[in-house]
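Here is the structure we will look at.
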Amino acid sequence: DLVLLMFDARLGVTSDLAETVRWLRKLSNAGDQQQHREIVILANKLEGDRWASMDSNVLDNLAEVSRAGFGEAIPISAEHGEGMVDVAEIIDKYTLEKRQRFGLPLTNEETYKKNTDDDNEKPLQLAILGRQNVGKSTLVNSLLGEERVIAGDTPGLTRDSIKVPWLWKERPVQIVDTAGIRRGLQRERSDEIEDLAVLDAMRAMKLADVAVLVLDAQAQYIQRQELAIADSVVREGRALVVAANKMDLVVDDEYTKHDFAKAVQEQIEVRFPMLRKTPVVAMSSLLGHNVKKLMPTVFEARDRWARVMPTG
């Protein structure tokens, strides 16, 4: 239905691109008249706006590729996530047009409502991830309102992923409390149990609908290992929510939960531009401060994830 033809805008129209354009044009002309196929050209590697200067040859390349007959190219940067909103709008536009042609609902909401009963029977899979001793088990107990998993100051208390079925406002949830994840260099080579625990945690993340990455707010920034965990969540296509825990231990009165949330969001955006405005919930799971805001955020993230990445 929709072909996104991407090329390196700094190189211009190469022989390979010209051949692909000819093939797509021939395919479109020879296709079934009842089949609607749209072709959109994406001009990649156009970070920022320096390419738009008059000295750049990029403008000439864009003008040349526009003569292919598929309209003007859309400038993007896949590496930096720039222009993705424009691509999403194009996909949404042609999705709506196809739904109208086939008499389908304009959104997935009606389809979702038809399957509400079935969906309600399936619990939301929620994986709690993070480094050692950031308060993951304490957070699970705080959410449940009871001591269901072992929690303490000793790092590495949780060795296996623990699944806990739960009802949040009559909505089924399966929380998975996972072992703390340390960098491979920090783990003892002889400690096979910890290696298996980390693999178990990553397996829980792969099966989750939403992954909650728990941070220690005392650090006042997201650490390299936590960025690596976020990267794994992104690669698996899971929804991500960040829980900034232990805000009660931050001794700097001028450093508020909003400051930490903003700093974490900025660091995540620099590394993963596609994760702009990742929800960050600042809390103290030990004292129960702000923990109640986590689950509404989790369900909003799940619904947004399902809406942005439809399967039909």
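None of the figures in this text is laboratory data; all of them are computed from the coordinates on show. Given the structure is predicted, the values throughout are model-derived calculations rather than measurements. Here Cβ is always computed from backbone atoms with ideal geometry, including for glycine, and neighbour counts include all displayed protein chains.
Structural remarks
- Among the trypsin sites (Lys or Arg not before Pro) in the stretch 38-102, those placed in a DSSP loop whose Cβ has at most 15 other Cβ atoms within 10 Å are R67.
- For peptides 79-87, 172-180, 58-66, sequence by mean Cβ density within 10 Å, most packed first: 172-180, 58-66, 79-87
- Sequence-distant residues sharing a close amide H with V214 (under 5 Å, placed H): L129, G130, A243
- Here's the list of lysines a cross-link from K257 could span, going by alpha-carbon distance under 29 Å and ignoring same-chain residues fewer than 8 apart: K136, K169, K246, K277, K292, K293.
- Here the stretch 227-305 is treated with +1 on each Lys and Arg Cβ and -1 on each Asp and Glu Cβ, and its dipole about the Cα centre works out to around 400 debye.
- Once the chain from I91 to L2 is taken as fully extended at 0.36 nm per residue, the excess over their C-alpha distance is 31.3 nm.
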